[in-house]
Amino acid sequence: MIIWVTILLCTIPPIIEREVVTGLITFPLAIFVAWIWYSTGYKIENDRLKIAFGPFSKMILINEIKSVRKTRSLISAPANSLDRLEIMYGKFNLIVISPINQKQFLHFLLTINPSINLEGDLKHLNKD
């Protein structure tokens, strides 16, 4: 919600005051932010986790995932919510995401890689 209020507050004044240069800067920026917001998603394909956000995408081998824990970190990430999962993979890699149905998402990951360590509040899901 805060993002959309900010975008509106930045794009409406150039329209009202007919500031062409400011409008040429803020409108593409608003479209870019909306593109990232609406295209953010996560897909499990075979043994890979595909993360898409705007013009960017990342592929993670699920067998390289070491651990997952809940976080409310404000770190910049392909996550549209503050109810986030922090995924540790590879040697020292980390990514933060926010799937809508975290329990189902983790179930799919654990089906492919049962050695994923669920930490903190997620530990009980190992038993399900």
Original post:
When both residues are 6+ apart or on different chains and their Cβ atoms are under 9 Å apart, which pairs have a first residue that lies in the stretch 99-121 and is basic (Lys, Arg), and a second that is outside any helix (DSSP H, G or I)?
Top reply: 103/128
Subject >> In the stretch 55-69, the residues that are modelled with pLDDT under 95 and either surrounded by 16 or more Cβ atoms within 10 Å (Cβ to Cβ) or more than 16 Å from residue 42 (Cβ to Cβ) (or both) >> reply: 55, 69
Original post:
Name the residues in the stretch 74-120 that are in contact with a helix residue (DSSP H, G or I) (Cβ under 7 Å, 6 or more places away or on another chain), under 29 Å from residue 38 (Cβ atoms) and in a strand (DSSP E or B), would you?
Top reply: 85, 89
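Please go through the stretch 53-73 and pick out each residue that is charged (D, E, K, R) and in a strand (DSSP E or B). It would help to see each step written out before you state the result.
To start, the set of residues in the stretch 53-73 that are charged (D, E, K, R) comprises 58, 64, 66, 69-70, 72.
Selection gives 58, 66, 69, 70.
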Original post:
Which one of these does residue 109 not meet: (1) out of contact with any Asp or Glu (no Cβ under 7 Å at 6 or more places or on another chain); (2) surrounded by fewer than 16 Cβ atoms within 10 Å (Cβ to Cβ); (3) farther than 30 Å from residue 28 by Cα?
Top reply: (2)
Original post:
Among 123, 50, which is the only one that is part of a strand (DSSP E or B) and either in contact with a Phe, Trp or Tyr (Cβ under 7 Å, 6 or more places away or on another chain) or of a type in the set (D, E, K, R) (or both)?
Top reply: 50
Original post:
Does the stretch 80-106 hold any residues that are among the β-branched types (Val, Ile, Thr) and crowded, with 16+ Cβ neighbours inside 10 Å, and which are they?
Top reply: 87, 95, 96, 97
**OP:** Please name all residue pairs, on different chains or six or more residues apart, with Cβ atoms under 9 Å, provided the first residue is in the stretch 9-22 and is closer than 21 Å to residue 33 by Cα and the second residue is modelled with pLDDT of 70 or more and not in a helix (DSSP H, G or I).
**Re:** 13/19
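Every residue, every condition in (1) at pLDDT below 90; (2) within 16 Å of residue 47 (Cα to Cα); (3) out of contact with any Ser or Thr (no Cβ under 6 Å at 6 or more places or on another chain), yes or no:
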| position | (1), (2), (3) |
| --- | --- |
| 87 | no, yes, yes |
| 93 | no, no, yes |
| 98 | no, no, no |
| 106 | no, yes, yes |
| 109 | no, yes, yes |
| 125 | yes, no, yes |
Original post:
Within the stretch 20-47, how many residues are part of a helix (DSSP H, G or I) and either modelled with pLDDT under 80 or not polar (S, T, N, Q) (or both)?
Top reply: 19
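The values are calculated or read from the model by the stated rules, or taken from the named source; none is laboratory data. Fair warning: this is a prediction, and the values are worked out from it, not measured in the lab. Counting neighbours? That spans all protein chains shown, and the Cβs are built from the backbone with ideal geometry, glycine included.
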